[in-house]
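The values are calculated or read from the model by the stated rules, or taken from the named source; none is laboratory data. These figures come from a predicted structure and were not determined experimentally. Virtual Cβ from ideal backbone geometry, glycine too; neighbours counted across all protein chains shown. To get the accessible areas, we keep the full protein, side chains included, count just its heavy atoms, and leave off ligands, DNA and RNA. Shrake-Rupley method; radii C 1.70, N 1.55, O 1.52, S 1.80 Å.
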Amino acid sequence: FDGQDAVILFPKSANDAFKASIQFREVGIDKAVKDHMNVVLGNGDVLVGVSGNEDRRGVVVVADEVMQLFNIDSGINKIGINHVATKAVIDKLEENDAYNYRFIGRVGNITGEGSTDIFEIINASNKYRKDLYDSTKELFEKAVGCYLLHDFEEARRMFTDVLRVNENDKVAVHYLMKCEEQMGRMGEGQNNKKGFTGYII
C-alpha cells in the first residue's frame, strides 16, 4: 500500500490477476467508491524489498512496469474508464477461458521511449452493457486502428456508428473529440502528423 494505492502481485499467472481483478470489481462496496476505484493490470519482472526501521516497515515494489501502471492509472479517469490491462497481460491469458476486453489504444511509456498497448476490461456481470460492447467491439477496434493510421475522417465515422448503438461508450466519445481536434488542425492547414502521438491519453 502507498497512500490510496495498492500494488498486488500474482506470481503464478496473468489469469490469476485478471480473474481476481474482476472479482475485486464485483465485491459488495458502495457504488460511489467503485466508480472511483481504478484497476490497472500489467505483467513483468519486479524487485520486491522491505524498507524502514524497527518502528515502521513497508514493502517496496520497484520496476519500470509498475511506474507505467501508475502512469496509465493517472490517465484513464480522463476517458471515463477504470479497469484496464496491458498487452503483456492479455498475451498471457489462457485461450480456453472466456474473457471480455477490447483494444482501446496506446499510452506513452513513462521512460519516454515507445508505448504500451492497453485494453479495457468489460464488466461481464452487467449482461446488457456487455452485449452492447460485444456488438460494437469489432467496429470500435477498427476505428482505433484508423485513428492510429491518421485516418481521422474514417475513424470519426466509425466511432459515430459505435455511439449510435452504445451512446454511453465513453472511450468512443473521447476518440470522437480527438478526431475532431485532429481534423480541425488539418482544416487550419497544419500538418496532422506534427505533434500527433496516437496516444489515447
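For the residues N77, N71, the requirement of being under 26 Å from H174 (Cα atoms), in a helix (DSSP H, G or I) and either open to solvent by 80 Å² or more (accessible area, probe 1.4 Å) or in contact with a Ser or Thr (Cβ under 6 Å, 6 or more places away or on another chain) (or both) singles out N77. Taking the criterion of being outside any helix (DSSP H, G or I), open to solvent by less than 30 Å² (accessible area, probe 1.4 Å) and under 20 Å from F10 (Cα atoms), the only residue of the range 88-115 that qualifies is L93. Before we move on, is G28 loosely packed, with under 15 Cβ neighbours inside 10 Å, farther than 29 Å from Y133 by Cα and either β-branched (V, I, T) or more than 18 Å from the chain's Cα centre (by Cα) (or both)? Taking the combined requirement at face value, the residue does not satisfy it.
How about the range 31-49: which of its residues are of a type in the set (A, V, I, L, M, F, W, C), more than 17 Å from the chain's Cα centre (by Cα) and either open to solvent by 90 Å² or more (accessible area, probe 1.4 Å) or closer than 14 Å to I72 by Cα (or both)? Passing the criteria: only L47. The numbered conditions (1) under 23 Å from R106 (Cα atoms); (2) in a helix (DSSP H, G or I); (3) open to solvent by 60 Å² or more (accessible area, probe 1.4 Å) are all true for F18 except (3).
The one condition from (1) among the small types (G, A, S); (2) part of a strand (DSSP E or B); (3) over 24 Å from A32 (Cα atoms) that A85 does not meet is (3).
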